[in-house]
Amino acid sequence: MNIKNPTKSARLLAFGTVAAVGLALAGFAAPGLALADTIGMTPMTLAASSDELHVTVPTTLPMVVSAGGDIAGPASTAAQIGNTSVFGIHVQSLQIATESSFALVKQSDFSGSSASNAFWVTLTPTGGTAIDLANFATAASPTAGQWNIASNGNLGFASTGQIKNVTAALSATPLKAATLNWVFQSGTVS
């Protein structure tokens, strides 16, 4: 190595060392600048739980049979599903289980049925279209968007139907013909 001016070389070396140390210290003094590439963002999300919903359904659905076989359920203001959850919910599925002495048939098949105690029933949500309960002998989803219940809201439904070939002991005392099983889920569907 050929050094012509040792003083100038020592000054350059000292300046370079001070500059390098100064830059390093600047990184510690201003960590935002030095750590800018290490900042991360974590979105915080909220999801409604379907593990615990606050829902009420009618304990009975009293239906009256006329002498001509027409079945009329309570008005939609009396038959209501209530949601006291802080978020909207919907009927995810519905299933009807009939008692063994009754035969639930589709409305379209009713006139041709010769079964004893053959009946059809539809449920119509307020503002929606009727669903034929014979289509719900196994659990199925009702019409999407029509069975939503708003937060702290109610959804009324009307029921109607017909029965024929009656052999059951119908009287003024209610006779259980079927049971509705409701499954609810958080959120609304369209």
For region 55-186: Kirkwood Rh in Å [reciprocal of mean 1/r, alpha carbons]: 15.3 Å
Local net charge near SER186, Cβ-Cβ under 10 Å (Lys/Arg +1, Asp/Glu -1): -2
Contour excess over end-to-end distance, with Cα ends at ALA144 and SER190 and 0.36 nm allotted per residue: 16.0 nm
Contour excess over end-to-end distance, with Cα ends at THR59 and ASN181 and 0.36 nm allotted per residue: 42.8 nm
Rounded Å value of the spacing that divides the Cα centres of region 44-77 and region 111-177: 10 Å
Relative contact order for region 55-186, counting Cα pairs under 8 Å that sit 6 or more residues apart, in percent: 38 percent
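Laboratory data are not the source of any read-out in this text; all were calculated from the coordinates shown. All figures in this text were calculated on a predicted structure; none of them were measured in a lab. Please note: Cβ atoms are built from the backbone with ideal geometry, for glycine as well, and neighbour counts cover all protein chains shown.
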